[in-house]
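Step one of this worksheet: look at the structure below.
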Amino acid sequence: MHIPDGLLPPQIMIGGYALTGGITWFTLRQIHRTSDPTAQLPKASLLTAGFFVLSLIHIPVPPTSIHLVLNGLMGIILGYYAFPAILIGLFFQAVMFGHGGLSSLGVNALIMGLPALLAYGLSQWGEGRNWRQMTRFGGGAIALFAAALLYVGLTLSTIAPELDADLERAAIVAALGGYGIQALIEGAFTVMAINFLERVKPEILQPMAGEPLRQE
């Protein structure tokens, strides 16, 4: 779901940077409103590193392969930290491995980061263990599939005129089916990862400093 350089028109890439800048400002503003804005930085750094590295680990799912994205997991655990963390991870993926590009960095940050914030919002709903499991699965799955929808929507609307538009649309829509399977995997992994952390290191799951802790 990394859009490379040169695929999108310049106005969309510029707009992507503008929106990403605005959302980054908003999330940093929310972080700075907490009592200790730096308290969650080690956790954010760890998950950013995981987001960065896991893009290199591909899981065979014939006839193709997938890799975990973790934008939903990052949103649930990091809250508002997730968007700047994803932006940083995407920057290093583009610079070091050529995943995506620098001119499309703003758009890619929106594709990955907005669903992460959606997962964070979803995780705040409801009480009770069963409901929490559902919101964790939903957050992981919905974040991935929402990112896929954004990616597919952008690529479908910007198919170059020199390409076979019908063939390109068929390939992109077919890829969406694969992302649906990947969304279920992401949801299940998100539940397992958070449940594991809940047992061995529950302090990682505490909300941002200054926010009230949720009652069990």
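The values are calculated or read from the model by the stated rules, or taken from the named source; none is laboratory data. Owing to the predicted nature of the structure, the values given are computational and were not obtained by experimental measurement. Virtual Cβ from ideal backbone geometry, glycine too; neighbours counted across all protein chains shown. Ligands, DNA and RNA are stripped out before the accessible areas are found, and what is left, the full protein with its side chains, is counted by its heavy atoms. Shrake-Rupley method; radii C 1.70, N 1.55, O 1.52, S 1.80 Å.
Give me the residue from the range 1-16 that is farther than 14 Å from GLY153 by Cβ and crowded, with 19+ Cβ neighbours inside 10 Å and, out of that set, farthest from the chain's Cα centre (by Cα).
MET13
Among (1) in a helix (DSSP H, G or I); (2) open to solvent by 60 Å² or more (accessible area, probe 1.4 Å); (3) hydroxyl-bearing (Ser, Thr, Tyr), there is one condition SER35 misses while meeting the rest; what is its number?
Every condition holds for SER35 apart from (1).
Do we have LEU73 as touching a helix residue (DSSP H, G or I) at 6+ places or on another chain (Cβ under 7 Å) and either among the hydrophobic types (A, V, I, L, M, F, W, C) or modelled with pLDDT of 90 or more (or both) here?
yes
Please determine whether any residue of the range 25-33 is basic (Lys, Arg) and under 18 Å from GLY139 (Cβ atoms).
The answer is no; no qualifying residue exists.
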